[in-house]
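FYI, it's all coordinate maths here, none of it is from the lab. Computed from a prediction, not measured in an experiment: that's the story for all the values here. Using ideal geometry, Cβ is built from the backbone for each residue, glycine included, and neighbour counts are taken over all protein chains shown.
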Amino acid sequence: MQATSGALTRQYAADGYVVVRDAIDPDLVGAANTHIDWLLDRHPELAPEQLGHRLCRDDPFWIELVSDQRLLDLAELFVGPDIALFATHYLCKPPRCGKGVEWHQDGAFWPLEPMNVVTLWLALTGSDLENGCLRVLPGSHRSELAQMRPTDRDSVLRRRIDTDVDEDRVEDLVMGPGDVEVHHPNMVHSSTPNRSDRWRRALTIRYIPTSTRITRPDEASPFLLRGEAVTGLNAYLEPPPFRADDHFRSPAGKVGPAC
Ligand SMILES: O=C(O)CCC(=O)C(=O)O
């Protein structure tokens, strides 16, 4: 049985993250995986870890995906009813060579005022320690944003927080496709490289309440997804119209414009 919304927000407040099992159905997970394959074909110049949010600005399927009502209902528990997209990335780790992500707090990178934002991390394959699961430090969201320092590790970020992480307190989040992890911008987290023969794929979605100002709009992909905008605060993009020759069409027909 799914946890109630009260249980989810209580665990988030206590730990800085919470996992919701089977939030998204296998058809939509399958469609997102086919979308990733399509993107990788069209963008051989991009590493699978770096299918970044600028691509979503002209991708109707991607905007439909992050507008899924189940995801927005979850986001609403943490940011309220007026919800905008700030950014979204597919972070995919190929078998054997997929890179890890060093310890960090997301808020250290983001041009948001105030830092009121929530991440939904949607698992699109299984993830475990061998293929590159998320690792989190429960309760670390109560600490301030720490300084970052460069690292010479071959990781997605090439920077890490400049404080020690107590490995004894770390939780490794083993997740199945369709599970969603929700996390706070100050929560310290990382992920392992992929040492397995399997892909590890996930979609990160950063949702803000419309009362959060994006201070450097060129670093964002702002779309109003639910509720009302605050006048004069952020300039939202129009949802891209579907063009059959240019855009991905969901094979399952579950998401995306009708033919
Ligand atoms: O997907 C990963 O491996 C890391 C994701 C992450 O660091 C994030 O969502 O902030």
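Relative contact order of the chain: 33 percent, from C-alpha pairs under 8 Å at least 6 residues apart in sequence. Per residue, the chain reaches -5500 deg cm²/dmol at 222 nm when only DSSP H runs of four or more residues are counted, each adding -39500 (n - 2.57). Within region 1-80, the trypsin sites (Lys or Arg not before Pro) that combine a DSSP coil assignment with at most 16 other C-beta atoms in a 10 angstrom radius are 21.
With Cβ to Cβ distances under 14 Å as the rule, what net charge do the other residues near residue 138 carry (K, R +1; D, E -1)? Taking every other residue near residue 138 into account, the sum is -3.
Among the GluC sites (Glu not before Pro) in region 1-108, those located in a DSSP loop and surrounded by at most 12 other Cβ atoms within 10 Å of their own Cβ are 45. Remark: 17, 236 ranked as 236, 17, counting other beta-carbon atoms within 10 Å and listing the fewest first.
From the alpha carbon centroid of region 34-100 to that of region 107-153 is 16 Å. A DSSP coil position with no more than 16 other Cβ atoms inside 10 Å describes the following trypsin sites (Lys or Arg not before Pro) in region 153-259: 153, 158, 195, 243, 254.
With an a/c value under 1.5 for the gyration tensor axes a ≥ b ≥ c computed over the alpha-carbon atoms, region 5-226 is described as rounded.
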